[in-house]
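Some notes on the structure that comes next.
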Amino acid sequence: MGPVLKSLPMGKRIPVKRPDDRAPVLGVVSRRALVKMAVLFALLHYLTLLLLSGLIFLLSHIPPKAINLDNVILILHSAQGILVAPRRFLLWLWPGEFTPEWLSLTTTVLNSVVWGGALAGLKILWRKLTT
C-alpha cells in the first residue's frame, strides 16, 4: 500500500462526483421499489380487511339493549364494501352460478393487489407533486 492509502481513515467514504448523465433524478422509482411498495400496501389492505371484518363481527354480537351500535356497524360495513369492490367486480364477471374454489382465493389476492398498486401509485404521485 502506498502512503496515500495508509493516510486515509478507515470507515470514511470518499465522495465521488458523478457525471451529469448519471445523476439520480428525484421522483423516479425503480420497478423493484414499486413492486415492494405495492406488495406492502396489498398486505396492509388484506390485514385491514381482516381487522374490519373482525370488528364488524365483534360489534354485531353486542346486544342492542346494552349499546346500540347499528350506525357504527353500517358505517364499517360501507367501508368494507368499498375495500372489496374490485373483488365483487371480478366475481360478477364470472358467468354462471357455480364458482370454483380457486376463484375465491384468486379474487381475494387480486383485490388486495389492485388496491396495493393503486395506493403505491398514489404515494409515488404524491411524492412527485410535493417535491
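So here's what we get for this one:
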| read-out | value |
| --- | --- |
| Restricting the stretch 91-122 to residues that are among the hydrophobic types (A, V, I, L, M, F, W, C) and part of a loop (DSSP other than H, G, I, E, B), the residue that is modelled with the highest pLDDT | TRP94 |
| THR108 under 30 Å from ARG31 (Cβ atoms) and of a type in the set (S, T, N, Q) | yes |
| Looking only at the stretch 38-92, and only at residues there that are touching a Phe, Trp or Tyr at 6+ places or on another chain (Cβ under 8 Å) and among the aliphatic types (A, V, I, L, M), the one that is surrounded by the most Cβ atoms within 10 Å (Cβ to Cβ) | ALA42 |
| Any chance LEU129 is in a helix (DSSP H, G or I) and over 27 Å from LEU34 (Cβ atoms) | no |
| Residue under evaluation THR107, criteria (1) loosely packed, with under 13 Cβ neighbours inside 10 Å; (2) in contact with a Lys or Arg (Cβ under 7 Å, 6 or more places away or on another chain), criterion not met | (1) |
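The values are calculated or read from the model by the stated rules, or taken from the named source; none is laboratory data. Every value quoted in this text rests on a predicted model; they were computed, and no experiment measured them. Cβ sites come from the backbone with ideal geometry, for glycine too, and all protein chains shown count toward neighbours.
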